[in-house]
Every structure is written in C-alpha cells, then in structure tokens.
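Heads up, the thing below is written out as structure tokens.
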Amino acid sequence: PANTSAQVTGVVNTTDRGAIASLPQLKLDLKALYDDLLARPAPSAAPPAVPVAGAGGGTFLAGTDLAGKRLGPGIYQVAAGASALSSAAGPLVLDAAGNPDAVFIIRADTIVTTSGSVVLEGGAQAKNIYWVSTGAAQIGDGTSKGFFQGSVVGGDAITVDLGINVEGRMLAGALGAGALTVKGATVVIVPK
C-alpha cells in the first residue's frame, strides 16, 4: 500500500516500503544528468549586469550573493565556494529574453539560500533552470519566506527549510548516498 497524507499529492516512497525496482536506474539517470550539467563549459568572463540575447554566463567569485542580479540564459559558475541567495538586494531575476526554451545552469560547490527568491521573466520556465551543487544544498533558513524556482541537482544532501515555496525538483545524491529533507509547511510544485 502507498503511504498517504492530506498534505501530499502523489505517492510517498519511504525506506520501510522495501526495495523499489526502478531505483538503480533512477540513480544512474541522476548521475548522468549531474555529469552532463557539470561537463558543459562556462565562460570565464564576469556575467553581464543585464540579460543579453543568446547564451550568457560567467564566473562569480566564491560567496557571491546572487540577490538583486539579473541574468540571461547561460551557464554560471561560482568559483570554488558557495553560491548564496538572500533578499538583501531583491530577488534574483532570470530573464529568458523571449525564449521559452532558454536554459539557465548555476553551478557551485554548495548552494545556500536564506530569504532570497527567484523571479522568472521574458518567458523563462522553472523546468529549464538547473542549480548544480557538488556538495550539499540548503534552500531557506527556516525563519524567512521565499520562492525558489528551478531544479537542484545535488551531489550530496538537499534540505528545503520551513517557509520556502519551490517550483522545481530536488534531486539529491548524484554522488552516492544523499538525503532530501523537506521541513514544515513547505510547498514543492513540480514544473510541467
């Protein structure tokens, strides 16, 4: 029998339900996605302050807070450190410049968001946004409300804290054992 909850739409699979036949293939697919997202080359130049048509991207310094930044489609790398997202300077705006198929990839050793939100403009879609963490990812700080968009592909564990609403996927454990922890009244909506 499936686990049910008034707060969960869909099926909740827990470790006490026994082995899931498709789990080995799911792990292989997650690792393939993780490897593909990390293998794509990122530009070495600093990212533009405003979105540009076509591919953008660049490298941020370690510890850069993405709050208040406006980014166009492309691959963004945080050099040897954590990617932060607070509300200090406003939301992170991802602007697809009219292209609903535009892809955004943001890679970091660790992804840490506190009170920050992600806003999509110009036809950007949550299903085309990938946050790649080679370590752990922490979405929210448990005390602030925020809206996070995109799929987190984590090498390790992912925690979604109380008060954060997510439109995206949380895919933990690409490098082995990884746990997904969703706390409190958090809402996670899988984009179509």
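The values are calculated or read from the model by the stated rules, or taken from the named source; none is laboratory data. Computed from a predicted model, the values in this text were never measured in an experiment. Glycine also receives a Cβ, built like all others from the backbone with ideal geometry; neighbour counts cover every protein chain displayed. Keep in mind that these areas ignore ligands, DNA and RNA; they rest on the heavy atoms of the full protein, side chains included. Shrake-Rupley method; radii C 1.70, N 1.55, O 1.52, S 1.80 Å.
Quick one: count up the residues across region 60-74 that are open to solvent by 20 Å² or more (accessible area, probe 1.4 Å) and outside any loop (DSSP other than H, G, I, E, B).
2
Tell me the residue from VAL112, VAL119 that is assigned to a strand (DSSP E or B), closer than 19 Å to GLY142 by Cβ and either open to solvent by 40 Å² or more (accessible area, probe 1.4 Å) or of a type in the set (Lys, Arg) (or both), please.
Testing whether each residue is assigned to a strand (DSSP E or B), closer than 19 Å to GLY142 by Cβ and either open to solvent by 40 Å² or more (accessible area, probe 1.4 Å) or of a type in the set (Lys, Arg) (or both) leaves just VAL112.
Mind listing whichever residues of region 137-158 are open to solvent by 10 Å² or more (accessible area, probe 1.4 Å) and of a type in the set (A, V, I, L, M, F, W, C)?
Across region 137-158, the qualifying residues are PHE147, ALA157.
Could you please find all residues in region 75-109 being under 15 Å from GLN149 (Cα atoms), surrounded by fewer than 23 Cβ atoms within 10 Å (Cβ to Cβ) and touching a Pro at 6+ places or on another chain (Cβ under 7 Å)?
ASP95, ALA96, VAL103
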